[in-house]
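Accompanying notes for the structure given below.
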Amino acid sequence: MNRFFSIGWLLIMSSMIMGQINGFDLKQMADEEIVGSSRYVGLCGAMAAIGGDMSAVKDNPAALGVFRYSEIGMTVCSAMGKTTTVSVPGVDILLSLNRGKLSGVVAHNLMFSFQRRKHFGSDYSISAQGLETSQTDLMAAMADGYTVDQLANMDGIGFLAYAGFDSWLIDTIVGGNGRQWGTLEPGRVNAQLQISESGSVDDYQFNWGMNISHRVYIGAGAYIRSLSYTKETVYCEQFESSNSYRLRSGTFASGIGIGASAGVIWRPLSMIRLGLALQTPTMTAVNLQHTGDILADIEGKTYGNDNYRQTWQGSILMPWRAVAGAAWQIATHGLLSAEYDFAYRHQMGMQAQHMVKVGAEWAITQSCFLDAGYAAQWYGGYVGNESVNRLTENAQRLDTDQQAFSPKHYASAGFTYRNRWLTAGIAYQFSRRAITIWAHQYQNAPMGIANDINHKVVMTLGFRLGI
């Protein structure tokens with residue numbers, strides 16, 4: 001509970017945190033994924049205009065207005081990719097105050113839910129031979145202009161410059177008046193980079209929805225968002241002389257934020273539904289820590305230091321989000337649905353996020369339904385150099401890798417059984433994207449491309465309370 005009580009003072013606190021976080025970090029933390037109930041996943045999240053599903057409420061709170069009865073539900077997800085995890089991405093409690101009317105205000109619905117928005121789970125390893133530039137070139141450039149005494153005392157010096165100095169990977173240039181630095185060994189290097197991520201973004205939601213004449217559904221809600229993100233990298237270089245070093249770094253972020261959303265679903269015709277929703281930027285209080293250590297093997301001697309550690313507290317603003325959707329109900333046989341999601345925040349060069357979702361549902365019997373869906377997610381261009389991981393001369397972090405993402409594609413299929421008292425479903429989701437990786441900003445060509453491939457199986461069980 002102390003963590004929740006700390007929201008207020010952390011949100012108004014000013015600190016150096018924005019100097020140690022960039023647009024790439026924000027993109028990772030704010031990115032949206034298709035996570036939710038089995039029906040939501042089976043339709044690839046294309047439910048902003050359909051409603052009637054617990055997970056659809058996180059995209060459009062008006063989806064809550066479609067419910068006619070009180071319900072409770074829980075979802076379990078098994079994700080298999082580079083790592084395998086089992087999690088509970090959703091627990092929902094819904095109270096419907098149905099007035100039994102056919103027109104006017106038909107019902108007020110209230111819901112409390114736990115909804116996972118994103119799961120971090122990746123592990124990439126990539127190697128390259130004969131690279132023309134070394135990370136030590138960046139170390140030397142960051143050290144230029146500083147004296148030995150300044151570097152030795154870490155007098156406002158970036159971690160990477162001090163790491164190169166402390167491990168004898170850089171040295172002063174003759175005639176440079178002790179302020180110009182060069183690499184220990186120029187030439188081609190062999191390199192290996194490993195990146196792993198873990199954590200999640202979770203919402204604790206409080207929503208209200210209203211049904212007006214079974215034609216217009218409106219909803220609004222507020223949420224408390226919990227962030228936990230860990231990124232760990234190990235980068236190794238070996239020079240032509242067999243001198244080598246290993247640099248490890250870690251980024252650890254935890255935070256809690258608040259936000260709100262509102263939406264509407266309109267049925268202009270009995271077979272057509274249109275949905276629209278807006279979500280405010282999420283004010284998030286963040287605890288951030290960068291750590292690292294370096295170990296160099298130079299001419300048979302070992303040099304290094306493991307004291308690189310810095311922490312900050314402050315606040316950041318996650319993007320606002322807009323959602324628009326349309327659905328066509330095919331009598332009692334099924335439905336087709338489409339949705340467009342857009343998230344944007346013009347700060348520190350953060351990329352805009354676009355996602356298009358389409359889904360279809362077909363009734364096998366009165367109680368059994370098949371779902372299928374496809375979605376594509378892509379990003380706008382970065383704005384300026386601050387958005388990627390370009391280290392400034394006083395950056396208190398050691399991770400220098402840069403990543404560019406190709407569009408992410410989702411495909412899914414699911415089965416749902418519904419009767420008067422019970423909802424049970426299972427869905428499978430496949431997702432894939434390519435990630436182009438550079439070890440540091442001095443590399444003109446990337447080290448290589450890693451494929452981010454994931455498989456998910458989602459199961460949902462819900463009970464109608466009949467209130």
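This model, with +1 at the C-beta of Lys and Arg and -1 at the C-beta of Asp and Glu, gives segment 160-203 a dipole about its Cα centre of some 440 debye.
Farthest toward the positive end of the dipole of segment 114-252, out of 207, 163, 234, is the Cα of 207, where the dipole comes from beta carbon charges about the Cα centre.
Given 0.36 nm per residue, what is the gain on full extension from residue 88 to residue 228 after removing their alpha carbon distance, in nm?
Extending this stretch completely gives an extra 48.8 nm.
Take every Cα pair under 8 Å whose residues are at least 6 apart in sequence, average their separation, divide by the length of segment 200-270, and the relative contact order is 36 percent. Helix-only arithmetic for the chain: the sum of -39500 (n - 2.57) across DSSP H runs with n ≥ 4, divided by the residue total, places the mean residue ellipticity at 222 nm at -2000 deg cm²/dmol. Could you give the distance between the Cα centres of segment 413-456 and segment 100-116, to the whole Å? Here the answer is 32 Å between Cα centres. Counting other Cβ atoms within 10 Å as a rough exposure proxy, the listed residues 312, 362 run 362, 312 from fewest neighbours to most. In summary, the lysines within cross-link reach of residue 357, defined as a Cα separation below 18 angstrom excluding same-chain residues under 8 places away, comprise 58, 118, 408, 456.
Computed over the chain, relative contact order equals 20 percent, with contacts defined as Cα pairs under 8 Å that lie 6+ residues apart. If you wrap the Cα atoms of segment 90-202 in a convex hull and average its projected area over all directions, you get 14.1 nm². Taking the Cα centre of segment 81-166 as origin and assigning +1 to Lys and Arg Cβ atoms and -1 to Asp and Glu Cβ atoms, the resulting dipole is close to 1280 debye.
Ranking 100, 74, 414 by Cα position along the charge dipole of the chain, where only Lys, Arg, Asp and Glu carry charges on their C-beta atoms, puts 100 farthest toward the positive end. Ordering 278, 244, 313 by the projection of their Cα atoms onto the charge dipole of segment 231-316, which places +1 on the Cβ of Lys and Arg and -1 on the Cβ of Asp and Glu, puts 278 at the extreme positive end.
For a label point 7 angstrom out from the Cα of residue 215 toward its Cβ, which stretches of segment 240-283 have the backbone nitrogen within less than 20 Å? Answer for this model: 263-276. Placing +1 on each Lys and Arg Cβ and -1 on each Asp and Glu Cβ, with no other charges, gives the chain a dipole about its Cα centre of roughly 2680 debye. Inter-part distance, segment 265-289 to segment 117-131, computed on C-alpha centroids, equals 32 Å. Projecting label points 7 angstrom from Cα along Cα→Cβ for residue 190 and residue 297 puts them 1.2 nm apart.
Any read-out appearing in this document is the output of simple, stated calculations on the displayed coordinates, not a laboratory observation. Not measured: the values here are computed from a predicted model. In this analysis, Cβ positions are derived from the backbone assuming ideal geometry, glycine residues included, and neighbour counts consider all displayed protein chains.
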